[in-house]
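A.B. asks: First the structure, then my questions, so here it is.
The values are calculated or read from the model by the stated rules, or taken from the named source; none is laboratory data. Keep in mind it's a predicted model, so treat the numbers as computed, not measured. Reconstructed Cβ throughout: ideal geometry from the backbone, glycine too, with neighbour counts over all protein chains shown. Ligands, DNA and RNA are excluded from the accessible area calculation, which covers all protein heavy atoms including side chains. Shrake-Rupley method; radii C 1.70, N 1.55, O 1.52, S 1.80 Å.
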Amino acid sequence: MTTTKDADQVRPLALGPLRAEPGTTVRGIVPADLGTLTVDVPLALVAGARPGPRVVITGGVHGGEFTGVDAAHRLAALLDAEEVRGQVLICIVANPLAAYRGRLNVSSIDGVNINRVFPGDPQGSPTERMAAWIFAKLIDGADAYLDLHSGGIDQTLRHFVGVRLTGEADVDATTVAMARAVGIEDVIFGQNAEGGNSHAAAVRQGVPAILVETSQLGERDPAVIGGLVDGLKAVLRRLGVLESDGSEPAAVREWVWSGDVASDVTGLWYPEFTAGDDVTVGQIIGRIVDPADGREQVVHAPASGKVFYGMRGLTVVPGTELAAIASAAAPGRTAESLQTPSEPEVLS
């Protein structure tokens, strides 16, 4: 994999059988060997005509999340390599095991949620190997990384950008600048960069990275998709990949994760909230009903704040993620100094 990190010259961008010479874009398939099977990963390699950073964008890490896939596809068609500084590697469907073969976050092959196992295991299950392939072939050595997600077909979602802070000043500064450039009003910060999310694993390796969450319930709203494409271009301008248009990022609202709740039983889920609602600690946010005998289990909000994620599917099992809540960051505190509880992994 050729990269532009610390490069002072224009270079080709190559991955597997694909090779883009400077000033050109190449789209195609790169096979990923996952041990017991091989999957075809669709990519667009945009090799800029001038030197600059290498930026990686992934869509389709989860199944049933269509907005990021569509936006990645559209961005690949819009970028003019002659106008690009550096390289943009767009992985349109990063996890075919889930995106093509199922509609939920887990793979139908091995039941693994890929965004809990990054940076992956090259000797593990097919999904763990897929995560390792993505990390080794795409993310490792990049100058910046954006992972595009949505609320899936059973998930309500309020749009937000997620950031994991590391304490490394340069990495955190670039990550925060990327998050603010997207144009989404709500940015959720966390200093804890632990866990198996792709953007958390990336920042632990020194790659500035953000999670972008848009749309819900498997929707494909053209206006939301167009807005996301514009946001991606704004981030590329902020990183110096595209020419600046002189605009300044809009003000954002800063949040920290304050609580999440998962089911501990099997049953039927009846939520009493929607994404974007404000809740208080102890408030009833839903009920789980045992379909065999009709008994109810009441579910309470574990913290006060705004619900950014909500399960809308009817059937749940132990471990099903029901809701994630964030609270407003204290006034006067900068994003770089936020102290938060452990980051919930209910999203992405």
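A.B. asks: Does SER304 fit the bill of being without any contact (Cβ under 8 Å) to a residue 60 or more places away in the chain, more than 21 Å from the chain's Cα centre (by Cα) and over 22 Å from GLY152 (Cβ atoms)? Can you show your working first?
C.D. replies: On the way: without any contact (Cβ under 8 Å) to a residue 60 or more places away in the chain: yes; more than 21 Å from the chain's Cα centre (by Cα): yes; over 22 Å from GLY152 (Cβ atoms): yes.
Here the answer is yes, as SER304 does meet what is asked.
A.B. asks: Residue by residue through segment 166-191, note down the ones that are touching a strand residue (DSSP E or B) at 6+ places or on another chain (Cβ under 9 Å) and either among the basic types (Lys, Arg) or farther than 20 Å from VAL252 by Cβ (or both).
C.D. replies: ARG180
A.B. asks: Considering only residues of segment 235-265 that are within 30 Å of LEU314 (Cβ to Cβ) and not in a loop (DSSP other than H, G, I, E, B), which is most open to solvent (accessible area, probe 1.4 Å)? Please lay out each step first, then the result.
C.D. replies: Narrowing segment 235-265 to residues within 30 Å of LEU314 (Cβ to Cβ): 255, 257-265.
Those still in the list that are not in a loop (DSSP other than H, G, I, E, B) too: 255, 257-262.
Working: TRP255: 24, TRP257: 12, SER258: 39, GLY259: 12, ASP260: 71, VAL261: 24, ALA262: 51 Å².
Looking at residues that are within 30 Å of LEU314 (Cβ to Cβ) and not in a loop (DSSP other than H, G, I, E, B), I get ASP260.
A.B. asks: Here is a follow-up. State the number of residues belonging to segment 176-199 that are closer than 17 Å to PRO119 by Cβ and among the hydrophobic types (A, V, I, L, M, F, W, C).
C.D. replies: 1
A.B. asks: Are any residues in segment 167-192 in a loop (DSSP other than H, G, I, E, B) and either surrounded by fewer than 23 Cβ atoms within 10 Å (Cβ to Cβ) or without any contact (Cβ under 8 Å) to a residue 40 or more places away in the chain (or both), and if so, which ones? Please lay out each step first, then the result.
C.D. replies: Of segment 167-192, the ones in a loop (DSSP other than H, G, I, E, B) are 167-168, 182-185, 191-192.
GLY167, GLU168, GLY183, ILE184, GLU185, GLN191, ASN192 - these are the residues of segment 167-192 that are in a loop (DSSP other than H, G, I, E, B) and either surrounded by fewer than 23 Cβ atoms within 10 Å (Cβ to Cβ) or without any contact (Cβ under 8 Å) to a residue 40 or more places away in the chain (or both).
A.B. asks: Residues in segment 46-58: is at least one of a type outside the set (Phe, Trp, Tyr), under 21 Å from ASP140 (Cα atoms), in a loop (DSSP other than H, G, I, E, B) and open to solvent by less than 50 Å² (accessible area, probe 1.4 Å)?
C.D. replies: Here is the first cut: in segment 46-58, the residues of a type outside the set (Phe, Trp, Tyr) are 46-58.
Right, trim to under 21 Å from ASP140 (Cα atoms) and you get 46-48, 51-58.
Next cut, in a loop (DSSP other than H, G, I, E, B) only: 48.
Add one more test, that the residue is open to solvent by less than 50 Å² (accessible area, probe 1.4 Å), and what stays is 48.
So far as segment 46-58 goes, yes, one or more of its residues are of a type outside the set (Phe, Trp, Tyr), under 21 Å from ASP140 (Cα atoms), in a loop (DSSP other than H, G, I, E, B) and open to solvent by less than 50 Å² (accessible area, probe 1.4 Å).
A.B. asks: At pLDDT 95 or above and among the basic types (Lys, Arg): is that true of ARG220 in this structure? If you could, list the steps in order and put the result at the bottom.
C.D. replies: On the way: at pLDDT 95 or above: no; among the basic types (Lys, Arg): yes.
Taking the combined requirement at face value, the residue does not satisfy it.
A.B. asks: While we're on this one: I'm trying to understand the selection: among the residues of segment 59-79, which are assigned to a loop (DSSP other than H, G, I, E, B) and closer than 21 Å to THR174 by Cβ?
C.D. replies: Passing the criteria: only LEU79.
A.B. asks: Here's another thing I want to ask about it. So VAL224 clears everything in (1) β-branched (Val, Ile, Thr); (2) within 29 Å of GLY120 (Cβ to Cβ); (3) assigned to a helix (DSSP H, G or I) except one condition, right? Which one?
C.D. replies: (2)
A.B. asks: Starting from residues that are in contact (Cβ under 8 Å) with a residue 40 or more places away in the chain and not in a loop (DSSP other than H, G, I, E, B), keep the ones in segment 35-45 and report whichever is nearest to ALA20 (Cα to Cα). Spell out how you get there, then give the answer.
C.D. replies: As a first pass, look at segment 35-45 and keep what is in contact (Cβ under 8 Å) with a residue 40 or more places away in the chain: 35-37, 39-45.
Now restrict to residues that are not in a loop (DSSP other than H, G, I, E, B): 39-45.
Numbers: VAL39: 22, ASP40: 19, VAL41: 17, PRO42: 15, LEU43: 12, ALA44: 9, LEU45: 6 Å.
Checked segment 35-45; the qualifying residue nearest to ALA20 (Cα to Cα) is LEU45.
A.B. asks: Anything in segment 141-161 that is open to solvent by 10 Å² or more (accessible area, probe 1.4 Å), part of a loop (DSSP other than H, G, I, E, B) and at pLDDT 95 or above? List them, or say none.
C.D. replies: Start the filter on segment 141-161 by keeping residues that are open to solvent by 10 Å² or more (accessible area, probe 1.4 Å), which leaves 141, 143, 153-155, 157-159.
In the following step, the residues that additionally are part of a loop (DSSP other than H, G, I, E, B) were identified as 141, 143, 153-154, 158-159.
Residues satisfying the conditions are ASP143, ARG158, HIS159.
A.B. asks: For the structure I just gave you, tell me whether ARG164 is open to solvent by 60 Å² or more (accessible area, probe 1.4 Å) and closer than 26 Å to GLY227 by Cβ. Let's see the steps before the verdict.
C.D. replies: Working: open to solvent by 60 Å² or more (accessible area, probe 1.4 Å): no; closer than 26 Å to GLY227 by Cβ: yes.
No.
A.B. asks: Does segment 280-287 contain at least one residue that is open to solvent by 20 Å² or more (accessible area, probe 1.4 Å), of a type in the set (Lys, Arg) and within 26 Å of the chain's Cα centre (by Cα)?
C.D. replies: Residues of segment 280-287 that are open to solvent by 20 Å² or more (accessible area, probe 1.4 Å), as a first pass: 280-284, 287.
Filter once more, keeping what is of a type in the set (Lys, Arg): 287.
Within this subset, residues satisfying the condition of being within 26 Å of the chain's Cα centre (by Cα) are none.
Looking through segment 280-287, none of the residues is open to solvent by 20 Å² or more (accessible area, probe 1.4 Å), of a type in the set (Lys, Arg) and within 26 Å of the chain's Cα centre (by Cα).
A.B. asks: What is the residue count in segment 69-103 for residues that are open to solvent by 20 Å² or more (accessible area, probe 1.4 Å) and touching a Pro at 6+ places or on another chain (Cβ under 6 Å)?
C.D. replies: Total satisfying the criteria: 0.
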